[in-house]
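K.L.:
Please find one structure pasted underneath; my questions will follow.
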Amino acid sequence: MNGSKDENRLRARNVRTAIILAFVALGFFLAVIANHWVNPAVIVDHWFPKWHW
Amino acid sequence: MEAAHTPDTTHVHGHDAHAHHPTGIMRWLTTTNHKDIGTLYFIFVACMFLVGGLLAMTIRAELFSPGMQIVEPAFFNELTSMHGLIMIFSVIMPAFVAFANWQIPMMIGATDMAFPRMNNMSFWLLVSGGILMLGSFFAPGGANAAGWTMYAPLSEQMGPGMDMAIFAIHIMGVSSIMGSINIITTILNLRAPGMTMMKMPLFVWSWLITAYLLIAVIPVLAGAVTMLLFDRHFGTHFFNAAGGGDPVMYQHIFWFFGHPEVYIMILPGFGLISEVIPAFSRKPLFGYSSMVYALASIAILSFLVWAHHMFTVGMPAAAQLFFMYCTMLIAVPTGVKIFNWTATMWKGSLSFETPMLFAIGFIWVFMIGGFTGLILAVAPVDIQMQDTYYVVGHFHYVMVAASLFSMYAALYYWLPKWTGHMYDETLGKWHFWLSMIFFNIGFFPMHFLGLAGMPRRIPDYALQFTDLNRVVSIGAWGFGAAQILLLIVVVKCARGGAKAADKPWEGAQGLEWTIPSPAPYHSFETPPVVK
């Protein structure tokens, strides 16, 4: 990390972008696993029982 | 994009003269150079395309006649399942990544990808995943035989080959997510000064949107197969009805990944075609901004249509209508794209070199695939045609011909830039015409087989399907054999041939044509300024 100030700032920005994107990916993964317990179909059934999802 | 930029190519020559990178095998194992990694991706894709193609040829050999001739029924199921998995995860997706690696930094005026080491890791993870997937053929009980979709509960009953496929998907998924993060970061942060988002080449736009799709849906697939793994080995019952689970939930989750995945395999192709058509029409792309918005619309709509893959599982009419209309809505942005490509050609000074032939061929086959998709979107029709050869015909038009033809168009277009030599135009044209003719002989009759009621994924069939199946097999073998020409063209071009100019296509626009051919090891050490 011996780059100029601008280079280091760019590297930091790149890492920030990557971390945000990695967390988005992780969020989708966890959302799918949680889907078993927080199933949208169950929620729809609860609020709109006549739909028979 | 207009070539309104002042690139600085002097640094390019200067640096390349003392490029300090390892040589020999270590160069390829440890490389962090986007061009080297792009080449590695292409080599991997070529090997896997050969394997996936051989599986397809065997499938067609078995289906040449009714009755069982070459393989056991159980092995036939492995062939169809693994053909799909290999072609999707080890051929089409990585092939677009190969183009992204080679082209994105050059097209946006960057030195390399944002995370070169992660780029290397993405590639070698992909190779590990590919080996694991192929290795599953040698596992006790054989490879995954539950289709590329690996539907539960069937996939919960198979041998260790299924576990290997699940782990392979995990590893390839990690590779894909790392690749996507790299591509998004590169595009967002490393564009040359003056290259605003709406000045980016369409291929870069298409990859930016595709990478976001990958980040959103690959974890969904990873979640689905993880739950499958837990059901298989750790006593959970996510998808096991006997334990209170729901097999249909697997289908919902899978296709929430699966439909955006279909667009992941075609959006970069749209980008490639949007580069090739203007170059050989000698006109700027018609409706640039509408092309960008159409790409984004297709990506957003892809999250709202997943259940059209599972109309037959039983769902309320309201849900069927919702998914049916959303699916039809996708025809609008897709129509915008077809219109714009045609309008770009309209009154252009057209020439028909191999890239342009493949680009026009792409429009033709993609339209057939698109229209049959529209027919399948109609719920009552789909319920009739679900799991028939009509569906097989439909998605091969979109994936084999459209995705592949877009890549061929781009390969011929950029080969002179990558190798520094012009390819053999005569062989290229032979490759196009043989591919186009044999592809249509092979896949068009599938629609009639499907309409007549031939189910997919079966090794044997009723006698009345024999004639058309023979035509399909001959077409498929011809198409497979025609790809040998591509190998010859690429190897010939890489080894020598007429020297390519820095910009061999007079109508080509973009930063990549401002650097020498072949592209130096390091390009744009000093960023060009785009006006």
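The values are calculated or read from the model by the stated rules, or taken from the named source; none is laboratory data. What you are looking at is a predicted structure, and each value in this text was computed from that prediction instead of being measured. Cβ placement follows ideal geometry from the backbone for every residue including glycine, while neighbour counts extend to all protein chains displayed.
K.L.:
Test of understanding: among B:ILE169, B:ILE218, B:ILE131, which residue is β-branched (Val, Ile, Thr), away from every other protein chain (no Cβ under 14 Å) and more than 27 Å from B:ALA409 (Cα to Cα)?
P.N.:
On inspection, the qualifying residue turns out to be B:ILE131.
K.L.:
So, in segment B:326-339, exactly how many residues are buried (at least 20 other Cβ atoms within 10 Å of the Cβ) and within 13 Å of B:LEU285 (Cα to Cα)?
P.N.:
1
K.L.:
Let me spell it out: the conditions are (1) at pLDDT below 95; (2) closer than 28 Å to B:ALA61 by Cα, and B:THR526 meets all of them except one. Which number is the exception?
P.N.:
(2)
K.L.:
Taking B:TYR250 as the residue in question, decide whether it is within 14 Å of another protein chain (Cβ to nearest Cβ), touching a helix residue (DSSP H, G or I) at 6+ places or on another chain (Cβ under 7 Å) and either not small (Gly, Ala, Ser) or not in a helix (DSSP H, G or I) (or both).
P.N.:
Against the criterion (within 14 Å of another protein chain (Cβ to nearest Cβ), touching a helix residue (DSSP H, G or I) at 6+ places or on another chain (Cβ under 7 Å) and either not small (Gly, Ala, Ser) or not in a helix (DSSP H, G or I) (or both)), B:TYR250 qualifies.
K.L.:
Could you please find all residues in segment B:221-230 being within 11 Å of chain A (Cβ to nearest Cβ), surrounded by fewer than 22 Cβ atoms within 10 Å (Cβ to Cβ) and of a type outside the set (Phe, Trp, Tyr)?
P.N.:
B:THR226
K.L.:
Looking at B:PRO380, B:PRO416, B:PRO355 in this structure, which one is assigned to a helix (DSSP H, G or I) and within 19 Å of the chain's Cα centre (by Cα)?
P.N.:
B:PRO355
K.L.:
Shifting gears a bit: State the number of residues belonging to segment B:492-516 that are touching a strand residue (DSSP E or B) at 6+ places or on another chain (Cβ under 8 Å), part of a loop (DSSP other than H, G, I, E, B) and within 17 Å of B:ALA410 (Cα to Cα).
P.N.:
The number of residues fulfilling the criteria is 1.
K.L.:
Any idea which of (1) of a type in the set (Val, Ile, Thr); (2) in contact (Cβ under 8 Å) with a residue 40 or more places away in the chain; (3) within 14 Å of B:VAL398 (Cβ to Cβ) is the one B:ILE338 doesn't satisfy?
P.N.:
(2)
K.L.:
Is it the case that B:ILE181 is within 20 Å of B:MET133 (Cβ to Cβ) and part of a helix (DSSP H, G or I)?
P.N.:
no
K.L.:
When segment B:225-242 is examined, which residues are found to be part of a helix (DSSP H, G or I) and within 21 Å of B:GLY314 (Cα to Cα)?
P.N.:
Of everything in segment B:225-242, those that are part of a helix (DSSP H, G or I) and within 21 Å of B:GLY314 (Cα to Cα) turn out to be B:ALA241, B:ALA242.
K.L.:
Now for a different question. Evaluate the following for B:ASN189: is it more than 14 Å from chain A (Cβ to nearest Cβ), under 25 Å from A:ASN8 (Cα atoms) and among the polar types (S, T, N, Q)?
P.N.:
When the stated conditions are applied, B:ASN189 does not pass them.
K.L.:
Considering only residues that are more than 9 Å from every other protein chain (Cβ to nearest Cβ) and among the aliphatic types (A, V, I, L, M), which ones fall in segment B:203-213?
P.N.:
Residues satisfying the conditions are B:VAL204, B:LEU208, B:ILE209, B:LEU213.
K.L.:
Evaluate segment B:125-137: report whether one residue or more is over 30 Å from B:THR111 (Cβ atoms), among the hydrophobic types (A, V, I, L, M, F, W, C) and more than 20 Å from the chain's Cα centre (by Cα).
P.N.:
yes
K.L.:
Which one of the conditions (1) among the aliphatic types (A, V, I, L, M); (2) in contact (Cβ under 8 Å) with a residue 24 or more places away in the chain; (3) touching a helix residue (DSSP H, G or I) at 6+ places or on another chain (Cβ under 6 Å) does B:ILE474 fail to meet, given that it meets all the rest?
P.N.:
(3)
K.L.:
Separate question: Does segment B:81-125 hold any residues that are of a type in the set (Gly, Ala, Ser) and outside any helix (DSSP H, G or I), and which are they?
P.N.:
The answer is B:GLY109, B:ALA110, B:ALA114.
K.L.:
All but one of (1) farther than 23 Å from B:ALA211 by Cα; (2) loosely packed, with under 15 Cβ neighbours inside 10 Å; (3) within 23 Å of the chain's Cα centre (by Cα) hold for B:PRO278; state the number of the condition that does not hold.
P.N.:
The failed condition is (2).
K.L.:
Out of all the residues in segment B:175-186, which are at the interface with chain A (Cβ under 8 Å from one of its Cβ atoms) and among the small types (Gly, Ala, Ser)?
P.N.:
Correct list: B:SER180 only.
K.L.:
I need the full set of residues from segment B:422-468 which are closer than 21 Å to B:ALA409 by Cα and of a type in the set (Asp, Glu), in order please.
P.N.:
Answer for segment B:422-468, where residues must be closer than 21 Å to B:ALA409 by Cα and of a type in the set (Asp, Glu): B:ASP424, B:GLU425.
K.L.:
For the subset of segment B:145-158 comprising residues that are out of contact with any Ser or Thr (no Cβ under 9 Å at 6 or more places or on another chain) and surrounded by fewer than 24 Cβ atoms within 10 Å (Cβ to Cβ), which member is farthest from the other protein chains (Cβ to nearest Cβ)?
P.N.:
B:MET158
K.L.:
Just checking, which of B:LEU411, B:LEU374 is surrounded by fewer than 20 Cβ atoms within 10 Å (Cβ to Cβ) and assigned to a helix (DSSP H, G or I)?
P.N.:
Checking each option against the conditions leaves just B:LEU374.
K.L.:
Taking the conditions exactly as written (more than 24 Å from B:GLY194 (Cα to Cα) and not in a loop (DSSP other than H, G, I, E, B)), does B:TRP477 satisfy them or not?
P.N.:
Judged against the criteria, B:TRP477 is a match.
K.L.:
Being within 30 Å of B:ILE458 (Cα to Cα) and within 10 Å of chain A (Cβ to nearest Cβ): is that true of B:GLY161 here?
P.N.:
no
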